[in-house]
Amino acid sequence: MVQNVALEHLVDGSTAAAYNDALTLAGKIAVTATVTDADGDTASTGAIDVGGAVTFLDDGPSVSANNAVQLDDDALPGGNPGGTGDVNPDTANTTGTLAHGYGADGAGTTLLTATGIVLPAGFTAAVSNGGQTLTISQGATAVLLIQLADTSSGSYTVTQLHAIDHPAGLNENNVSFTVNYVTTDGDGDNATGSLAINVNDDTPTISNIQDAIMPNVNNTDVHGTWTPSFGADGPSATSAINLAMGTAPSGLTYTQTSQGTNVNGDAVTQVDVKSGTTTLYTFYEYAHYDAATHTSQMTAYTTLADAQGATGTNEYFTLAAGADGNFDFHLVTNSLQSTSVFDVVSGIPNGNGNYVKIAGGTASFANDPSPASGYDVLIDGFTSADTNPTHSNVFKNANGMGIGNGNLDTNETLTFKFGLTQSAVTVGIGKGGNDTNEHFQVTIWDATHTTSATWNVTQADGSPLIVDAAHWGTNGSSSGAFFNFSEVDVKNIASAGGDDPKVVLLSLTYNSQTIVSDTTLNFALGITDHDGDSVTSTDNLSVALIGTHSGSGYQLTGLDTTSEVLAASSGADTLHGGTGLNDTVDYSNASAGVTVNLLTQLVGGAGALGDAISGFENAIGSNFADTLTANNTGSILSGGGGNDTLIGGAGNDTLIGGAGQDTLTGGGGADTFKLDHLDIKDLITDYSGAGGQGDKIDLTALFETAAGGNIADYVHYDAGTKTLSVDTNGTTGGANFVDVAQLTNGPAAGTINILYDDTNHVQHTATV
């Protein structure tokens with residue numbers, strides 16, 4: 001018997017894939033055998049069931065292993081190449097044919113199924129289009145699309161639709177999926193296969209940090225740039241940028257101490273800037289991230305109370321760094337807290353008076369009435385017999401200081417009033433005799449002299465008396481909790497045997513104001529992407545505050561190997577950017593308009609009288625009407641406030657008008673015109689986009705589209721009126737379009753290249 005074609009077997013419903021549904025011909029074929037001999041005699045059998053000896057076994061489909069599909073968030077718009085754990089190449093096997101065979105029964109179907117699919121937590125899968133499409137979503141966001149070209153060939157395409165939120169902090173790890181497909185042959189037998197899909201994470205990067213050099217002058221700003229790249233994941237929704245103190249400059253250290261939180265819950269840090277063991281100055285800072293503006297700001301205060309209260313007064317500086325790649329450092333004051341150690345024996349002249357005034361490191365006796373301000377420390381005193389300080393004199397001799405003589409005798413009190421709120425004061429104590437102990441009553445007061453706390457302390461005679469939170473209440477008892485104080489009273493209450501009845505005061509350590517002349521502040525910039533991966537730049541943002549200068553202006557020079565921004569002062573400055581690229585001269589502090597020509601390196605205008613510049617590629621104007629001209633290799637020109645004129649050169653320039661109605665001319669090269677105000681219509685005189693020089697108009701500061709949003713809902717160009725308009729929300733059908741630029745040379749519609757961001761802070765390009 002010869003089988004010529006495959007037979008269609010009935011599917012065994014219980015074990016369809018086992019292909020054990022055999023067909024037999026029993027009872028279907030019967031034969032009768034007749035035997036005839038040589039002389040013609042015959043004999044016959046009855047019917048013989050030949051079919052019972054014939055069985056047709058089934059055939060079935062087959063599946064086999066498939067190469068894993070590799071995808072990478074890096075390959076999406078805005079993705080960052082490389083990173084720890086990155087895969088190479090970013091994508092592999094995104095198209096192919098699902099491994100299958102139909103067998104002798106012929107082709108049936110090969111379709112996707114959600115049954116048995118293996119997904120990480122938080123993901124769901126849905127099959128559509130009759131099994132030709134499978135969509136995987138993370139939450140409500142579709143992230144992967146698997147599509148079959150038809151119902152039988154198994155030809156597939158895998159597309160990543162959106163960045164995937166990976167586990168935080170695991171570098172560029174893979175999230176893995178296993179999707180299933182079912183191959184069914186011509187008579188209904190089926191087999192299930194699988195396709196593995198791995199999606200590699202993207203991680204953020206920081207680069208191109210400009211350092212800043214500026215005059216150490218109160219109320220002065222400097223503006224620079226950095227490049228935070230959050231990758232395809234976009235920025236964290238709650239804490240995308242982190243600012244902290246970085247590595248101290250050579251020869252200095254930053255000692256950082258937690259001081260709790262401010263009224264808004266931001267961590268407050270005390271920063272002591274030290275040279276060796278000497279504290280040069282102290283400030284108190286916290287950083288706060290504003291999710292609405294994608295900006296983090298560090299605010300530093302000269303006093304702890306203001307930092308904890310986030311009062312906005314007594315600020316040292318602010319540093320604001322935005323996801324748009326700009327930073328602004330604002331120096332409020334250069335008068336800071338420093339730790340002063342005053343030697344009572346050598347620093348106060350012998351003599352007496354109603355009180356001692358210490359100001360700027362100099363002490364002098366004076367008579368009542370005592371001043372309400374203008375001092376670092378005011379030392380007064382009284383006795384238990386007469387608690388009116390005006391009735392007692394502070395006395396100083398070669399041994400030390402006390403009331404009426406050079407000792408602090410039993411029942412005498414010295415009061416120390418401070419110009420700054422204190423968190424720690426140390427009084428150096430000398431032995432007046434050969435006694436064992438010193439016994440004091442210490443009282444601290446607030447600035448209004450209405451709140452106090454008291455500490456009764458006994459310690460070894462000759463030991464310094466340290467009044468701070470760590471020592472409060474030790475070696476004795478206290479009434480009231482420690483607080484930062486404006487006055488401390490020290491009373492000798494020697495009473496028991498061994499207590500010294502006449503101690504000697506030798507020194508006083510306290511916080512005072514100091515003018516910081518030359519210093520450098522280093523900051524660590526960190527960013528976090530949407531799925532929690534973080535990076536902190538190893539290259540600190542360095543801000544050099546230069547106080548030393550000659551004449552009315554400042555002499556500031558950048559390094560040849562570093563990108564820097566140098567801020568001009570109100571005087572006649574000499575500013576040199578160095579031979580390195582991307583140096584910027586910043587005239588944002590100027591009191592009048594300026595003219596800056598980067599091609600000739602010449603400056604003028606009332607705001608730059610007497611200035612000389614060299615070695616700059618970029619320029620920032622003032623808050624007045626400026627004229628800024630680029631060099632021929634590509635410049636960044638930022639007009640600032642006022643109605644500015646920005647003129648590009650032969651290179652690829654970036655022109656940022658700023659506030660005011662500005663006139664922007666790109667010149668040669670592929671220039672970028674950045675518009676950052678909705679209520680101002682800038683004039684662009686020579687736009688040449690698609691089909692021309694490749695100019696672009698940057699609208700990233702004006703709006704963010706929904707992911708996948710239609711750009712036509714946000715941007716419109718009217719070639720007839722030569723006007724570019726923007727609708728910031730894109731949902732009103734054109735009702736809220738606002739004119740933002742006039743393209744005076746009238747380029748054709750369909751040639752306007754624009755840059756814009758979506759809500760994931762991923763930048764896109766479109767042509768309108």
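So here's what we get for this one:
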{"quantity": "Those lysines that a straight Cα-Cα span of less than 21 Å connects to Lys502, excepting residues fewer than 8 apart in one chain", "calculated": "Lys396, Lys431, Lys491"}
{"quantity": "q = 0.08, 0.11, 0.14, 0.17 Å⁻¹: log10 I(q)/I(0) that the Debye formula gives for region 597-767, counting C-alpha atoms only", "calculated": "-0.24, -0.45, -0.71, -1.00"}
{"quantity": "Ranking of Glu487, Glu564 by count of other Cβ atoms within 10 Å, fewest first", "calculated": "Glu487, Glu564"}
{"quantity": "Rounded FRET efficiency, nearest 0.05, which uses the C-beta distance separating Asn198 from Thr721 and R0 of 45 Å", "calculated": "0.30"}
{"quantity": "Label-point gap, in nm, between Asn219 and Leu252 - each point 7 angstrom along Cα→Cβ", "calculated": "2.5"}
{"quantity": "Potential lengthening between Asn208 and Ala366 on full extension [0.36 nm per residue; Cα-Cα distance subtracted]", "calculated": "51.2 nm"}
{"quantity": "From phi via Karplus (6.51, -1.76, 1.60), per-residue ³J(HN,Hα) for region 398-407 in Hz, x at Gly/Pro", "calculated": "5, 8, x, 9, x, 9, x, 7, x, 10"}
{"quantity": "Fewest-first sequence of Leu655, Leu319 by Cβ atoms within 10 Å of each Cβ", "calculated": "Leu319, Leu655"}
{"quantity": "Estimated FRET transfer efficiency when R0 is 60 angstrom, pair Lys431-Thr311 (beta carbons, to 0.05)", "calculated": "0.85"}
{"quantity": "Hull volume in cubic angstrom per residue (convex hull over the Cα atoms of region 462-501)", "calculated": "101"}
{"quantity": "Cross-link partners of Lys722 among lysines (Cα-Cα below 20 Å; sequence separation of 8 or more within a chain)", "calculated": "Lys674, Lys681, Lys696"}
{"quantity": "Computed lengthening from Ala30 to Thr579, 0.36 nm per intervening residue step minus Cα-Cα distance", "calculated": "187.2 nm"}
{"quantity": "Calculated SAXS-style log₁₀ I(q)/I(0) at q = 0.22 Å⁻¹ - region 508-618, Debye, Cα scatterers", "calculated": "-1.19"}
{"quantity": "q = 0.09, 0.19 Å⁻¹: log10 I(q)/I(0) that the Debye formula gives for region 89-194, counting C-alpha atoms only", "calculated": "-0.26, -0.96"}
{"quantity": "Dipole moment magnitude, nearest 20 debye, region 338-515 about Cα centre, only Lys, Arg, Asp, Glu C-beta charged", "calculated": "240"}
{"quantity": "Using distinct alpha-carbon pairs, which all enter the 1/r mean, Kirkwood radius of region 26-168 in Å", "calculated": "20.2"}
{"quantity": "Pairwise label distance in nanometres, Asn4 with Ala469, each label 7 Å out on the Cα-Cβ vector", "calculated": "9.9"}
{"quantity": "Sum of side-chain charges, Glu487 neighbourhood, beta-carbon under 14 Å (Lys, Arg +1; Asp, Glu -1)", "calculated": "-2"}
{"quantity": "In order through region 139-145: 3J(HN,Hα) via Karplus (6.51 cos²θ - 1.76 cosθ + 1.60), integer Hz, x for Gly, Pro", "calculated": "x, 9, 9, 6, 10, 10, 10"}
{"quantity": "Convex hull of Cα atoms in the chain, direction-averaged projection (nm²)", "calculated": "56.8"}
{"quantity": "Likely footprinting exposure, Phe703, Phe177, fewest C-beta neighbours within 10 Å first", "calculated": "Phe703, Phe177"}
{"quantity": "FRET E, pair Asn93, Ala707, Förster distance 25 Å, beta-carbon r, rounded to 0.05", "calculated": "0.40"}
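Each reported figure results from applying straightforward, stated rules to the coordinates on display, with no laboratory input. Computed from a prediction, not measured in an experiment: that's the story for all the values here. As a convention, Cβ positions derive from the backbone with ideal geometry for all residues, glycine included, and neighbour counts pool all protein chains shown.
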